[in-house]
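**Q** My questions all concern the structure below.
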Amino acid sequence: MLSLGNVLAEGTPNIDEAAGNTGATQSTTPPIVVSTWKMGLAANQAAWEILGNGGYALDAVEVGVRVPEGDPKGNSVGYGGLPDRDGRVTLDACIMDERYNCGSVMCIEQIMHPISVARLVMEKTPHIVLVGEGAQRFALANGFKKENLLTPESEKAWKEWLKTAQYKPIINIENQGYGYLYNKETDPMPGGVDNHDTIGMLAIDSQARMSGACTTSGLAFKMQGRVGDSPIIGAGLYVDPEVGAATATGVGEEVIRMVGAHLIVELMRQGHQPEQACKLAIERLIKRNPVHAKDIQVGFLALNKAGQAGAYALQPGFTYAVKSGQEEKLYTAKSIY
Ligand code: GLY
């Protein structure tokens, strides 16, 4: 069972563990923030500093996901993210506000907070996406600093991986630490079981403005230049103020194929509750390739404009964090398998 002790500061009030909280949240009055995985608890707390004080949802999601981006113990978001097969940490992120404005960076290197660069792309350029060197140059021109994001632990994990160089995404790698490459007993790595995948965050503020953010270092040991779903508007994230928002985690190729987040928003537009919309999207993924679906994890998280959240995953183990004026909880999503 997950322990919250490592994530939350002492004195953090009553946060329910995942066990016993499987399923959709009750309707809750905004402001509300939801985000993927247990790392979402700390990220939600940062977002709540803004939402709880009447602030803007867009500011909240940016500040929120910067928490795991800056945490070297997490091995699949930002600083400390596992590198590609050439040993390079490449980051993907996108952000979207309540007026369909959006910004994205893909395959950006040596910049600690790609989500903030994505927001600047949205606000300062006529474009939506900047990639690679161009994204980095834009960041540097706007005051970001070049930093080495490859921690000694990630470098060690990469060198270990090179010994076999097998490329097979591992189910619920999100729930494992660097330890999946090591014997945890004899060679424990920072972060342990508290390492997770992509963080996707969705929020509604007290003025009913909805925003979302999504950020990741992508699949560990990916091919140089590979980009997953997370920075792709409509795949890893979509926000529609008329309906709601959705975000995704897991193997991005499968999410891109079905434009997952946008699909879920459209299913909610048709009248489905968030959990049901996520489930239908997961079922569509299975229908396309039932054999492959058994071997991978994909999780979806949705929030409708009324403040109801729900999630669904292929495999057991996908958790999501919710914070509002009424609750602060880590839920375990239902799953097909
Ligand atoms: N969902 C993250 C990725 O596939 O890169």
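**Q** Of all trypsin sites (Lys or Arg not before Pro) in the range 45-126, which ones are in loop regions per DSSP and have a Cβ with at most 13 other Cβ atoms within 10 Å?
**A** Details: sites: R66, K73, R85, R88, R99, R119, K124; in loops: K73, R85, R88, R99.
Loop-located and lightly packed - R99.
**Q** Taking the Cβ of each residue in T29, T151 as the centre, tally the other Cβ atoms inside 10 Å and list the residues starting with the fewest.
**A** T29, T151
**Q** A further question on this structure: Does the range 189-308 come out rounded, prolate or oblate by the C-alpha gyration tensor, with a ≥ b ≥ c the root eigenvalues, rounded set by a/c under 1.5 and, if not, prolate when a/b is larger than b/c and oblate if not? Could you put the intermediate results ahead of the total?
**A** Numbers: a/c = 1.92, a/b = 1.32, b/c = 1.46.
In terms of gyration-tensor shape, oblate.
**Q** Which whole-Hz ³J(HN,Hα) couplings does the range 243-260 yield from phi under the Karplus relation 6.51 cos²θ - 1.76 cosθ + 1.60, θ = phi - 60°, glycine and proline marked x?
**A** So the J values, rounded to whole Hz, are 10, x, 9, 8, 9, 9, 9, x, 6, x, 4, 5, 6, 4, 3, 10, 6, x.
**Q** Can you return the lysines within cross-link range of K323? Criterion is Cα-Cα under 26 Å, with same-chain partners fewer than 8 residues away left out.
**A** Cα-Cα hits under 26 Å: K38, K73, K279, K305, K334.
**Q** Return the whole-Å distance between the Cα centroid of the range 69-147 and the Cα centroid of the range 259-304.
**A** First find each Cα centre; the distance between them is then 26 Å.
**Q** What ranking do M112, M201 get, fewest neighbouring Cβ atoms within 10 angstrom at the top?
**A** Numbers: M112 20, M201 36.
So the residues, fewest neighbours to most, are M112, M201.
We did not get these values from a lab; they are worked out from the coordinates using the rules stated. As the structure is a computational prediction, the values presented were derived from the model and not from experiment. For neighbour counting, all protein chains shown are included, and Cβ atoms are generated from backbone atoms with ideal geometry for every residue, glycine included.
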